[in-house]
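Everything on this sheet refers to the single structure shown next.
No lab work stands behind these numbers, since they all come straight from the coordinates. Worth saying up front: this structure is predicted, and the values here are computed from it rather than measured. Reconstructed Cβ throughout: ideal geometry from the backbone, glycine too, with neighbour counts over all protein chains shown.
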Amino acid sequence: MSESTTTTSASASNVPFLKERNQNKGVRKRNLSDDEWAEEDNSNSIANGHYNAKKALQTTRTTRSGRSPLTALKVNISSKPLLVKQPPSNKSLQTLGKRFKVPTFTDPSKAPAPSRTGAFNLGVKRRPPVEAKSAHDYTMEGSIILYDPAWAQLDEAQREEEMLLEASQGSASTEGDDTTPQVIIPKKEKAKYKSIAEMLGLTKSKELPKVHVVVDPILGRVLRPHQVEGVKFMYKCTTGAVVPDAFGCIMADEMGLGKTLQCLTLLWTLLKQSPDFGKGTIEKCIICCPSSLVRNWANEIIKWLGPGKIGVMTCDGKGTKEDTTNAMKQWASARQRMVVNPVLIISYESLRMYAPILAQTPIGLMLCDEGHRLKNSNSQTFVALNELNVQRRVILSGTPIQNDLSEYFSLINFAIPGLLGSTTEFRKNYELPILRGRDSEASEKEQEISNQKLTELSGVVNKFIIRRTNDILSKYLPTKFEHVVFCKLSPFQLDLYKHFINSKSIQKLLRGQGSQPLKAIGLLKKLCNHPDLLDLPDDLQGCEALLPPDYQTKSSKKPMSRGGILVQPEFSGKMMVLARMLAKIKKDTNDKIVLISNYTQTLDIFEKLCRQNQYGVLRLDGTMTISKRQKLVDRFNNPDGNEFVFLLSSKAGGCGLNLIGANRLVLFDPDWNPASDQQALARVWRDGQKKDCFVYRFIATGSIEEKIFQRQSHKQSLSSCVVDEDQDVERHFSQENLRQLFQFNDTTECCDTHETFKCKRCVDGRQVMKAAQVSYGDTSTWNHFKGDHDLMKLTDPLLKEEADTNAVSFVFQYISH
């Protein structure tokens, strides 16, 4: 092919493309300014010269589109030397080395947008600056501020001043005989020179400023004043603001004051907020509670925070062991954003089982409901919980001091480890001197040391314990009328009681030769409830002659279908009073009632009595599964339900249940541990109650139940010797204690307890003046009523009916407000 042919074909094929390129070039130049237009032409001319010179040495090739390269135009392939332009000048090279500018496509009169400089890459969007501020508006009216940066700075400055003062006092004391103590003046720090950028404020601070911590308004609107105080107290303790390196506390409010809501507020705040902007204080939280309260805690979270607000994992025994183990491993391994369910609600029994798994993860907060279960530092539960990797520990217990100082020490040592030293150090420094001084035969010197040690102990511990009484509830709840009703034994009960305490086995026991005091105590307690709880005549040998002709033993009872009688209330003094109460409540009111006993056998008798009289009844004891308990409580609390009586075992379900559907409660028998009774008595007078409440504690007059009731009063003292566990009762009873327990006071006109008070407000058992100050924990300050026509002065119509029956010997009455 000839030289001219090659050139012509290349030229002809590229004519349309050249026209299009020139048109685009013209459009682009119209959008540029004059300087940019000149610069564009200059650079293009230089580039085209280099491009054509280089391509002239190559053969013409076809591009991907099928067109020949533009540089093939007007280039002759021949042996003649090529004409190449001179190298570009320095000015042209400087122009080529300039940064390429992307056209702004804006008004030519305006300056182009400045190029982005710094470490950002093309395509990365710059984040807008975020102002460090609290999660909720702390300036809003009614906001609850838990942390204020200004307060923190003042507190820190005050602590520094106190440290300097202590240091100066310490140096003065070590000077010996010098009359002029030296005061340590802190040296001024060496001045730090600032750069010009720092003085002009051009440098960025490495640390963001601290922000306020404010309670979520969703919770802040429902918190009462005493609950706000409790939340602030717990927040300070769990963040180490009270004492450095101490992150635990004990919430010891009495039942019904809203410990659950206060702890949920603390939990929610720590999960979502901290003084550092955009960060939470903790990642995970464990709530340990009795198995019957696992579902109740989950419901409380939904009630106060709303559904879906926070992820909750519950371990209530529904799934298989394999599924639960896998769920625990997944919960323990989750970190930061992988934490889907930050809250784990688990029973004490389940936590013991899965403690090795949970110990592998750091836990931000642990709440221990009904924390008096940790009163024994040697128990498996205490050891399992103590092995978890958690600093912030909060114990919830309405009765932190149940029996003695050693149990009190266990709770303190779990919440704030090492605060009071080891067990041996605590016994030496506090327990033994205090108990020695509280003995009735202590000398004045021992009493003085005891009071000094008690004051010292309170000063250390009270920083981490908050306790309020039920008196606060009087502002928000209806009136509560609480009564201790002393019921006389029936003639049949009285004969059996005297026969047993005068038997050879009891006399042998009192001489120290017997080995089963607990069995004897249990028989007497059951006899006080009803003779049907005993297997007569086998349990009481030689009592065959005492059995009434119409009394039906267990072997002789006939079913109702054949004319039999399920329960015979007339053979028990307390049961007769209860049967008359139930009949009058059912007939004259629409009230509901809760019956509580320590024995499931007593609940069996209650259930038979209700079935015999066709009363609607529900029952909750240890045989009921956890999943069904809350459904049963909800069913009873429904005002439209037909259930009139709720039977409750104090051992299985006396903690944490809200039975506000009833406004009357009967505690049929006392327990050695006053905390158990107080838990049971607080089931109806709680938040949500709309009616006046009437609470009754039944005590058999002159019997062992009075001795138990008196010992409950002594349990408030630190020198108490009886522990609530049965095996400990036997160990702590002396021969004199046993002799008193097996005595029966049949000469009292009212009750043995009132006589031990030596009450000066009563004349012949009748109150003539009220106490100057009424204390709920001291029944000697309550109103006293003798069991005859004096009962007509009572407010309760049910007890007024007993004035003519001679079944009630005495009544203590407490009115909340």
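How many angstrom separate the Cα center of segment 222-251 from the Cα center of segment 254-283?
Spelled out, the Cα-based centre of one part sits 10 Å from the other.
Can you tell me how much longer the chain between VAL242 and LYS321 gets when fully stretched, taken as 0.36 nm per residue apart minus their C-alpha distance, in nm with one decimal?
Working: separation 79, 0.36 × 79 = 28.44 nm, distance 4.16 nm.
Here the segment from VAL242 to LYS321 would lengthen by 24.3 nm.
Which FRET efficiency value, to the nearest 0.05, is calculated for THR423 and GLU229 with the Förster distance at 25 angstrom and r the Cβ-Cβ distance? Don't skip to the end; give the middle numbers.
Numbers: r = 32 Å, r/R0 = 1.30.
According to the calculation, E is roughly 0.15.
Once you place label points 7 Å from the Cα toward the Cβ at VAL340 and ASN462, how far apart are they in nm?
About 4.9 nm, to one decimal.
Cα gyration tensor of segment 434-530, axes a ≥ b ≥ c as square roots of the eigenvalues: rounded (a/c below 1.5), prolate (a/b > b/c) or oblate?
Working: a/c = 3.40, a/b = 1.41, b/c = 2.41.
Judged from the Cα gyration tensor, segment 434-530 comes out oblate (a/c at least 1.5, b/c at or above a/b).
Once you have the Cα-Cα distance between LYS651 and ALA359, take 0.36 nm times their residue separation minus that, and quote the gain in nm to one decimal. Intermediate results must be reported in sequence, preceding the final value.
Details: separation 292, 0.36 × 292 = 105.12 nm, distance 3.01 nm.
Result: 102.1 nm gained on full extension.
Hey, rough spin-label estimate for GLN380 and GLU570, points 7 angstrom out along Cα→Cβ, what's it come to in nanometres?
5.1 nm
Starting from the 7 Å offset along Cα-to-Cβ, what nm value, one decimal, do you get for the label separation of GLN612 and LYS445?
That separation, rounded to one decimal, is 6.5 nm.
Please work out the Kirkwood hydrodynamic radius for segment 204-351, using every pair of different C-alpha atoms, and report it in angstroms with one decimal place. All intermediate terms of the calculation are to be shown ahead of the outcome.
On the way: mean 1/r = 0.0593 Å⁻¹.
Kirkwood hydrodynamic radius for segment 204-351: 16.9 Å.
Please compute the length gained on full extension between ILE302 and LYS691, using 0.36 nm multiplied by the number of residues separating them and subtracting their Cα-Cα distance. Don't jump to the answer; show the numbers that get you there.
Numbers: separation 389, 0.36 × 389 = 140.04 nm, distance 2.62 nm.
Extra length from ILE302 to LYS691 when fully extended: 137.4 nm.
So for segment 751-794, averaging the separation of alpha carbon pairs under 8 Å that are six or more residues apart and normalising by length, what relative contact order in percent results? Can you show the working numbers first?
On the way: 33 pairs, mean separation 13.4, N = 44.
Contact order relative to length: 30 percent.
From the square roots a ≥ b ≥ c of the eigenvalues of the alpha-carbon gyration tensor of segment 334-483, which class results: rounded (a/c under 1.5), prolate (a/b over b/c), or oblate? Intermediate results must be reported in sequence, preceding the final value.
Details: a/c = 2.48, a/b = 1.46, b/c = 1.70.
Judged from the Cα gyration tensor, segment 334-483 comes out oblate (a/c at least 1.5, b/c at or above a/b).
Determine the shape class of segment 356-438: with a ≥ b ≥ c the square roots of the Cα gyration tensor eigenvalues, call it rounded for a/c under 1.5, and otherwise prolate if a/b is greater than b/c, oblate otherwise. Can you show the working numbers first?
Values: a/c = 2.46, a/b = 1.88, b/c = 1.31.
Verdict is prolate for segment 356-438.
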